[in-house]
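Only one structure is covered here, and it is reproduced in the block below.
What follows is calculated from the coordinates using simple rules that are stated; it is not laboratory data. Worth saying up front: this structure is predicted, and the values here are computed from it rather than measured. Cβ placement follows ideal geometry from the backbone for every residue including glycine, while neighbour counts extend to all protein chains displayed.
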Amino acid sequence: MRIDKITLTNFLSHEHSEIQFLGEINVIVGQNGAGKSSIIDGIVFSLFRTHSRGNNDNLIRKGSNKASVTLHLSNEKDKIEIIRDIRSTTEDRLIRNQIPVARSATVVSNEIEKILGIDKDIALSTIIVRQGELDKILENFQDIMGKILKLESIEKLIDSRGPIVEFKKNLENKLRELDRIEQDYNNSKKNLEEKRNRVLELEKDRKKLEDEIKNLENQITELKKQFEDYEKKRNQYLELTTILKVKETKLNELNKSIEELRRQTENMDKLEKEVNELDNLKNFRLKFEKYEVLSRSYMEISNNILNLEKEIEEYEKAIKRKKELEPHYLRYKELERKLEELQPKYEEYLKSKLNLDSKLNLKERLDKDASEFSKDIDRIGNLEQIMEEKRKRQLDLRAQLGKVESLISEKNEIINNLSQVKGETCPVCGRPLDEGHKQKIVEEAKSYISRLELDKNELEEELKKITDELNKIEKEYRRLSNNKANYDNIIKQLRKLNEEIENLHNRIEALKDIEEEIKKINGEIKDLKQYYEEFMRLFKYDEKELERKKVRLDEMNKKKVEIEKEMRVLETELQGLDRKELENKISDLERKKKILDEMKKKRGVLEDYIGQVELLQEDVKKLKEKLNIIQFDENKYNELKTSLDVHNASLKEKENRKSRVEGELDSLGKDIEEISNRIKNYELQLKDKEKIINGINKLEKIRDALGERKLQSYIIMATKQLIENNLNDIISKFDLSIKNVEMEIMQKTSRGKGSGGNIVIYTNNGDTLPIVSLSGGERIALSIALRLAIAKALMSNTNFFILDEPTIHLDDQRKAYLIEIIRAAKESVPQILVVTHDEEVVQAADYVIRVEKRGNKSFVREET
Ligand SMILES: Nc1ncnc2c1ncn2[C@@H]1O[C@H](COP(=O)(O)OP(=O)(O)OP(=O)(O)O)[C@@H](O)[C@H]1O
């Protein structure tokens, strides 16, 4: 595999760098800190997800939150692409020939180790050489060989506590387990056989039971039919006997009742004769009652006749008096009518009089108000004149006040202006304007102002007084003006009132006579009132009613005579009979009649019973005939029933036995299935037994083969030989004074010391030299040769060699030597990557990659 390309995104100082490695010797050159080693870090991180810069976050370019590296590798067959991300949600991926083959960090790393044919540790200690570590391989040769040979791992493998022994123990345990299983297997087989035999036995039983059950079922069906038929007959028999019993009981009861009823009604005819007398006796009682009614009516009618005679006498008297009073009554009525006719006008007369009185009162009040107001009205003209004068004076005072105030402000202005006057002449008087003159003018002005102030005060006082007076007069004037309006209104009312009073006077005059007439009528009515009232009291007595009463009196007298007659007849009929005795006799016979009625009812019942007895006797006869026909035998019925029960019980017992057999068969079936499965399972497990025995034997053999004397010494021999051959081959190409190199490789001792090695150098003269005696250049050459030899010996598919700053700490001579060695190494390894700050190393390159830092970002430029 060779490295074709790497893409770094936000990785260390690279924001986005895509670097191709197109040459055999690719030199990456640039200033310190330019970002060269970052490219190697990118390659190592892509291959093994490891680095030497602390945690993964340190790899992310400052200012970014995630980083990504993509590495392209190839050989003749395959193209590999590895993508690793830091702090991203996507997983690491490995794409082979454009097909994703692995995902996740560990899987990708394992796959890469397989593809390269070298593990991470060996690669990092051989073909990837970090700054200043080139000849470290010579010092660490022993350790590195130990890692390569991995003999400790083999020892661990065959140790008595190692995995092979452990695995063998496991297999032995399994074998023991299988022996136990085999025993179980044999037992199970025996058990299965027994169970199968038992199944055959049970199936036979079942068959036998099934036949017996069928037979029994047929018998039961036949028996059931017979029993059901007989049961029907029994039900019929029971029904008929029950009815017969009921009817016979009833018949007995009826016969007893008939006997009793006959006994109770034996005296009935004798009693009937006695009771026949009752109607006769009741007839006499009716007559007694009628006589009593008649004598009550006689008394009543006699009383009524007396009363009616009195009433007729009263009527005759009243009618006579009524006739005498009638003219007074008629006159009274006439006067009443007249009074009624006069009443409306009289009421009008009275109302007009009242109205007149109230109007006269109102007139008197208004006359008084008018005379009051007329005094005020005379004052209005007077007040108008006074107001006129006062207003004139008010105007005059205001004008004077204005004048005084303007003089005051004029003088004040003179005082104020005087201080501002420039020049030497007085603006008031034209005299020279010195301080004395100024003061004089001010004093004069001030005394004039104080005089004016006095005048102003006087004027203001008088103005206030006049204004107050005027306000009062105006208020009074407003009141009087108001009164004037009221006065006019009263005069208008008085005019209307006088007119109305006159009209009322005229009307009262016209109606005056009616009052007199009414007085007269009332006088006469008063005189007639007693006759009128007496007449009204007698009003109800009239001739017709008197006539009706007389007719009724006649009728009543006639009725009285008739009653008397009837009473005489009854007295004769009832002569010699005692009322009380009669009543006793009647009540005795009535009691007997009740007894007779009871007897009659019983007789009815008796006859009904006799009819029923006849019908029942007929029924009983018929029922007995029917029972004779049925011919039911209870013993036979019981025999049938018992036989059916016995058969059913036997059937049930057999069915129970059959279900027990089936239950056992069912459980046996399950057991057989379970045992068969177990046997199959055992067989499956036992199949491995032979394999396990073989395995144990093989493990024993492997352990032996892996022992010190066999595989380990072979590995050491083979590896030693291979590396040695490769090393000598490479050295021969390097043109050194070394003829030959031998490697001593040691095996792990019984004291536990690890495996390792030492290097012995033979010069062209055939002398041996220790490594410490080599020159610096020879050390570098040997280091590179050894690294390449190991890589080749491991049959790795890496085919690239990386050197990071190999010239560091080298003097010029050694540097030149290194360049030559790198050139020569080309023959042993197809692709070399060298990182250097040293322009000289560029001479070795056939492809140059320049890295430089601008700001804090690394930029890459390739040149061929
Ligand atoms: N996470 C990061 N983000 C940005 N820059 C970083 C980050 N980590 C390291 N650097 C810077 O990246 C630069 C490149 O480092 P690198 O080791 O690749 O340099 P170099 O070219 O190999 O230098 P030298 O020859 O001195 O070893 C350094 O200047 C370092 O400070």
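The lysines whose alpha-carbon is closer than 22 Å to the alpha-carbon of K359, local same-chain residues fewer than 8 away aside, are K345, K351, K368, K492, K496, K512.
Electrostatic tally near S374: other residues with Cβ closer than 14 Å to its Cβ, Lys and Arg +1, Asp and Glu -1, net -2.
Longest stretch of the chain clear of exposed loop sites (GluC sites (Glu not before Pro), DSSP loop, at most 13 other Cβ atoms within 10 Å, sites excluded): 425-826.
Stretching the chain fully between I629 and E827 yields a gain of 57.4 nm (0.36 nm per residue, less the alpha carbon separation).
For region 149-228, the direction-averaged projected area of the alpha-carbon convex hull comes to 10.7 nm². Treating r as the C-beta distance of Q400 and R431 and R0 as 30 Å, the FRET efficiency rounds to 0.40. The charge dipole of the chain, taken about the Cα centre with unit charges on the Cβ atoms of Lys, Arg (+1) and Asp, Glu (-1), comes to about 1700 debye, rounded to the nearest 20. Comparing S481, Y315, Q400 along the charge dipole axis of the chain, the residue lying farthest to the positive side is Y315, per the Cβ-charge model. Magnitude of the charge dipole for region 312-470, about its Cα centre and with charges confined to Cβ atoms of Lys, Arg (+1) and Asp, Glu (-1), is about 740 debye. Provide the net charge surrounding I86, with neighbours chosen by a C-beta distance below 13 Å and charges set as Lys +1, Arg +1, Asp -1, Glu -1. Charge balance near I86 sits at +1.
If the chain between S302 and K592 were fully stretched, how many nm would it gain, using 0.36 nm times the residue separation less the Cα-Cα distance? Result: 100.0 nm gained on full extension. Working note: Karplus 6.51/-1.76/1.60 with θ = phi - 60° gives region 76-92 the couplings 4, 8, 10, 10, 10, 10, 10, 10, 10, 10, 10, 6, 10, 7, 7, 7, 5 Hz, where Gly and Pro are set to x. In terms of overall dimensions, the chain has a Cα radius of gyration and Dmax of 83.8, 213 angstrom. Comparing region 278-543 with the 2.2 N^0.38 Å rule of thumb, its C-alpha radius of gyration ratio is 3.05 (two decimals). Label-to-label distance for K857 and K464 is 9.9 nm, based on points extended 7 Å past Cα in the beta-carbon direction. Axis of helix 37-48 versus longest Cα principal axis of the chain: the two differ by about 80°, to the nearest ten degrees.
Here T89, T126, T249, T763 are placed in order of increasing Cβ neighbour count within 10 Å, fewest first, which gives T89, T249, T763, T126. Please work out the Cα center distance from region 9-60 to region 841-864, rounded to the nearest Å. Spelled out, the Cα-based centre of one part sits 12 Å from the other.
Can you work out the FRET efficiency for the pair E260 and L281, with r the C-beta to C-beta distance and R0 = 45 Å, to the nearest 0.05? The formula returns an efficiency of 0.85 here. Residues I679, I377, arranged from fewest to most other Cβ atoms within 10 angstrom of their Cβ, appear as I377, I679. In this simple spin-label model, placing a label point 7 Å from the Cα along the Cα-to-Cβ direction at both E316 and L582 gives a separation of 4.4 nm. Electrostatic tally near E111: other residues with Cβ closer than 14 Å to its Cβ, Lys and Arg +1, Asp and Glu -1, net +1. Using every pair of separate Cα atoms, the Kirkwood estimate puts the hydrodynamic radius of region 75-215 at 22.9 angstrom. Footprinting exposure proxy ranking of M743, M536, M556, M145, fewest other C-beta atoms within 10 angstrom first, gives M536, M556, M743, M145.
For chymotrypsin sites (Phe, Trp or Tyr not before Pro), no site in region 20-56 is both called loop by DSSP and has at most 16 other Cβ atoms within 10 Å. For region 601-663, the list of trypsin sites (Lys or Arg not before Pro) that fall in a loop by DSSP and count at most 14 other C-beta atoms within 10 angstrom is empty.
Per residue, the Cα convex hull of region 493-631 amounts to 596 Å³. Using θ = phi - 60° in the Karplus curve 6.51 cos²θ - 1.76 cosθ + 1.60, the 3J(HN,Hα) couplings for region 155-168 round to 4, 4, 5, 9, 4, 5, 10, x, x, 5, 4, 4, 5, 4 Hz; x is entered for Gly and Pro.
When the C-alpha to C-alpha distance is required to be over 19 Å, the pairs from K290/K580; K214/K658; K411/K464 that qualify are K411/K464. Here the Karplus relation 6.51 cos²θ - 1.76 cosθ + 1.60, evaluated at θ = phi - 60°, turns the backbone of region 195-201 into coupling constants of 5, 5, 4, 4, 4, 4, 4 Hz, with x for every Gly and Pro. A cut-off of 5 Å between modelled amide H atoms, ignoring neighbours fewer than 5 places along the same chain, links V129 with I802, L803, D804. What pairs in K207/K687; K232/K622; K245/K652 have C-alpha atoms more than 30 Å from each other? From K207/K687; K232/K622; K245/K652, over 30 Å: K207/K687; K245/K652. For a straight C-alpha distance cut-off of 15 angstrom, the aspartates and glutamates reachable from K594 (same-chain residues fewer than eight places away being disregarded) are D269, E272, E274, E277, D279. Please work out the FRET efficiency for the pair N457 and K484, using the Cβ-Cβ distance as r and a Förster radius of 41 Å; give the result to the nearest 0.05. Between N457 and K484 the formula returns 0.50. Straight-line reach from K363: taking Cα to Cα under 12 Å and skipping same-chain neighbours fewer than 8 places apart, the aspartates and glutamates in range are E499, E500. Can you flag which of K320/K520; K282/K600; K375/K484; K338/K519; K282/K558 are past 20 Å Cα-Cα? Beyond 20 Å: K320/K520; K282/K600; K282/K558. Charge dipole of region 278-543 (Cα centre as origin; +1 on each Lys and Arg Cβ, -1 on each Asp and Glu Cβ, all else neutral): 400 debye, rounded to the nearest 20. Between the helical axis of 105-116 and the longest alpha-carbon principal axis of the chain there is an angle of about 20 degrees. Label sites at L570 and E499, each approximated as a point 7 angstrom past Cα along Cα to Cβ, lie 9.8 nm apart. For the chain, the longest principal axis of the Cα atoms and the long axis of helix 543-573 meet at an angle of about 90 degrees.
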